[in-house]
Structure formats: structure tokens, C-alpha cells
């Protein structure tokens, strides 16, 4: 999006991601892949990968195709790779999920499904990493640095995942089996912490400053935040790989990484508070108010982690911890920002070309915040209830919370569809002369 | 004559609305200068932030709006971020209605 260019397939990524989110919610409501169940259980693997790849990673990729060019003021290295990457990621995820279901005897045994899924995902993410990485590398400053570290973490996550997939198929030898036996925490930290969290942090620096008209966070401050996060990931991946290779304990490595991770979260909180304090725009739009709830969830995640580690109960409640990270912090932030990004991109696509030639509405005229706020409220309250249900080991209450989350997400999706269809824009301004109504699933420009 | 043309151009630019703030670029203080010489118009303008994705649309919008004014032969729009835009460049009434904070 340099100036007026809009990434053609960002909406397609968002639509695919939201579809996977609804699949994940349906699985949780149905009781398939309960977050508190054994992480290695096939149903849990299905749920975790639907959430982390289908929903969060695909939404993140779609957003990055749009925003990395903005962060670095350079065009995307190759816009044409976005659609093939999405096709590969979708095919790879479907194959991976089928492989997990075969492991759980929900499908006939087919060991090749997991390696096939891994290869497709590695190629798909490879296209994303090369495209975004070469774009960000042209001007690696500020939030773009977070994206670069996030992409490096994605490479580590995908590499671990590929080894696991080949090991589960029995094709990775003794070393692969050793990595599978002990490497899952490294895969999870690199994915949730490095790829998704650090990238979300980087993008949020820019989005929050832009939408609230706040000065950018001083470079040295954001660099310190990133350094803490990068050290956490480096300690996890590098230290963890060494520990596995030399058959040493992982606890020390993970403890060091957790300290760096907490420092990163605290420094990020300091930076975000500074953006909110220095904003010139006092009135907070819905996406900002809802983003604050995701920041609160991140803070709650940090506190929960400290309590669980200090009481030596982290393994017992890992599901609740991961659930709050995935749905309170990451999903909450992504949903809040999607609501704004879709409206902003739809405005640019529809009204940007006729600006100066005809009266145009505001971005805020494309949304109905009072109606949308109740869906977000339902979503966040049910996420927090779901976390409590997991901590209390109440599967029935958790499924009810998941059902309430589904209601919230369906409501948010409905609002997003209404934005794309310009349904809340008053008729005199809806389609001025020369303006073309946007397509629901992709940008026409 | 030139002053009147500048006023007409300024009036025409009011059709260009900042999508985020919902106010026209003149009252928001985005227009730093309008210079006219023999029908050739040079507009120097800004936006809220250099990273704003709507920047080029604002620039093109200003060019299109100014071009509609009678007596304008050509329009050249320069986007600058020096000096940076601050809310004190807005009209007082607009600043109050948008609830903007005092300038840092």
C-alpha cells in the first residue's frame, strides 16, 4: 500500500482466516481437541494447528502483505506470490489436519499426509517469508525489525514442524524422533511468541500511532523491546536445539527464555502506554478500545505465567495459558484490528479514486460501532470465562464459553461483511459518481 | 485576480475529506501554500503522518479538485512533511469538535 496501491489478496486471506477461526470454534464447542487435553493428542493437534496456522498465521500474512510496504515505504517485492502462497498454505494445512486425524484413527491411516502437509506449508510460508522479508529488508527500521524477527521465528517454527511431521510418519530417523520427543515447547514458543506475538507487536506500534495520531515510539525504546523478545526466541530455539542435541535438560533454557519474554511484554506495555498517553486524538474508536482488552489479556497472560511457574503448576494448566495467549491476546488484537483495517482498505478501494471529484464519506461512516461493540464484548468476556473454566477443569463450562465466543465472532464477521458491502454508509454518499463497489473477497484495484 | 483564484481553489479543495478525521483538508490545515502563476497552480500540502496510506489519494484528490476551478491551466501538488502537521493547524472549531488534545 504505497500511496494508493492496495494488496489484491489481503481480503481473501482475511476471509480464509476467519473461516478457519469458525472451524476452530466449532471444534471447541463440539469438544474435539479440548485445550487442556494432552498436547500430543491428535485432536488437540488438529485444534492447535487450525488456530495457529489457519486463523492466526493466515490473518497475519494477509495483514503483512498490506502493511509491510507501509512500514518500509517500499512496494512489495512480488505481489504475485500472495495468492499461490495462500493456496499452498491452505492445501498444506488441510493435508496436515488430515494426517493428524489419521493418527487419531478418525481417517484411514496415511502416513504420507503429514510430510506432504509439511512440505506444502514450508513452501507456502517460504514464499511469504521471502516476499515480506526482502520487502522489509529494504528499510529495516522501527516496526519492520519486529517483522523480520517474526519471519525468522516463522522459519524456525516451520522447520521444527516439518521435522515433527516427518518423524510422526517414521521418516526422520533417530534424530528426528529425539526432536519430536522434546522439541514441542520450542516449536510452540517460536510460533506463538516469535512469529505471531513479535510480529503483532511490531505492526501494532505503527497502527496505534497512525490511528490515534501519536508520535512514533522512540527507536531505542522499541529496539529494546524487540531485543528482549528476540533474545527469548533465540534462547528457546538455539538453546533448546543445543539441549536436545547434547541431551541436556530444557528447563534452564526455557526459564531464561521466559524471563526475556516477560521483560519483552513489560517493555511493550510501557511503549503502548506511552502511545496512548501521547495521542493527539483523545476519542478512542472501537478498534482501539477493543485492542486495550487484548493488551489486558497479554498482561493477564504474564501474571498467569508467573503464578503457574511459581506454584509449579504450569504443566497442569498449560492449556489455559495457551488459550489466553491465542484467544485473549492474539485473536483479540487481530479481530479488533481487522475491524478497522477492513473499513480502512474498503474506504481506500472505493472512495480513494474519486476523492476530489465527489463528496466522500469518512472511514467511520462505513462502520456501526455501537452495534459491533456488543459482539466484541461477548467475545472477550467469553474468552476470559473460557480461561477460568480451563483453570477450574470444567469442560462443560469451557464448551459453553466457546459457544459464546462463536456468537461473538459470528457477529463480528457479520459486521465485517456489512463494511465490505457498504451497508452502513448513508445512501447519498454510498456510491458517488465514478466509485465502484468493492468485491467481498478481494480488491479490484 | 490571483487572490480570488486562490480563494476559489481553496474552496474547491474543501471537497477533499481526510478519511480518518472526516473533515476537509483546508480546515484541517493540510494546505500549506497555494501559488498561482499564469494559470499554473502549485499546491504544497501535508497529511497527518508520512505513513498514512491515504496520502497519495489526498494528493490526487487535491489535484483533481483544484483542476475543476475555472482559470486553472495546470496543477502541481507537492506533499511535504516539513514542518510536520500538528493539531494547532486545524481551525479551532474543527479541533474542538474532533476532541483533539493540545499540541505536544
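Annotation note: Cβ proximity below 8 Å between a residue of the range A:108-122 that is within 17 Å of residue A:84 (Cα to Cα) and a residue that is surrounded by fewer than 16 Cβ atoms within 10 Å (Cβ to Cβ) (sequence gap 6+ or interchain) occurs for A:117/A:94.
The numbered conditions (1) modelled with pLDDT under 95; (2) in a helix (DSSP H, G or I); (3) under 30 Å from residue A:433 (Cβ atoms) are all true for residue A:372 except (1).
Out of A:164, A:160, A:146, report the one residue that is within 18 Å of the chain's Cα centre (by Cα) and either surrounded by 18 or more Cβ atoms within 10 Å (Cβ to Cβ) or free of Cβ contacts under 8 Å to residues at least 12 places away in the same chain (or both).
Values: A:164 fails: within 18 Å of the chain's Cα centre (by Cα); A:160 fails: within 18 Å of the chain's Cα centre (by Cα).
None of the others qualify; the one that does is A:146.
Can you give me the number of residues within the range B:1-55 that are assigned to a helix (DSSP H, G or I), within 9 Å of chain A (Cβ to nearest Cβ) and touching a helix residue (DSSP H, G or I) at 6+ places or on another chain (Cβ under 9 Å)?
Number satisfying all stated conditions: 2.
Please enumerate the residues belonging to the range A:61-78 that are surrounded by fewer than 16 Cβ atoms within 10 Å (Cβ to Cβ) and either away from every other protein chain (no Cβ under 14 Å) or over 17 Å from residue A:137 (Cα atoms) (or both).
Step one: list which residues in the range A:61-78 are surrounded by fewer than 16 Cβ atoms within 10 Å (Cβ to Cβ), which gives A:73, A:75, A:78.
Within the range A:61-78, just A:78 meets the criteria.
For the range A:326-363, a tally of residues being part of a helix (DSSP H, G or I), over 21 Å from residue A:210 (Cα atoms) and within 10 Å of another protein chain (Cβ to nearest Cβ) returns 2.
Being within 14 Å of chain B (Cβ to nearest Cβ), surrounded by fewer than 24 Cβ atoms within 10 Å (Cβ to Cβ) and modelled with pLDDT under 95 narrows it down to one residue among A:2, A:32; which is it? Break it down into steps so the answer makes sense when it comes.
On the way: A:32 fails: within 14 Å of chain B (Cβ to nearest Cβ).
It is A:2.
Let's see how each residue does on (1) under 28 Å from residue A:392 (Cβ atoms); (2) out of contact with any helix residue (DSSP H, G or I) (no Cβ under 6 Å at 6 or more places or on another chain); (3) in a loop (DSSP other than H, G, I, E, B):
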{"site": "A:14", "(1), (2), (3)": "no, no, no"}
{"site": "A:25", "(1), (2), (3)": "yes, no, no"}
{"site": "A:28", "(1), (2), (3)": "yes, no, no"}
{"site": "A:38", "(1), (2), (3)": "yes, yes, yes"}
{"site": "A:43", "(1), (2), (3)": "yes, yes, no"}
{"site": "A:62", "(1), (2), (3)": "no, no, no"}
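Counting the residues of the range B:61-88 that are over 11 Å from the mean Cα position of the chain (by Cα) and within 12 Å of chain A (Cβ to nearest Cβ) gives 11.
The values are calculated or read from the model by the stated rules, or taken from the named source; none is laboratory data. Computed from a predicted structure; not experimentally measured. Note that each Cβ is placed from the backbone with ideal geometry, even for glycine, and that neighbours are counted across all protein chains shown.
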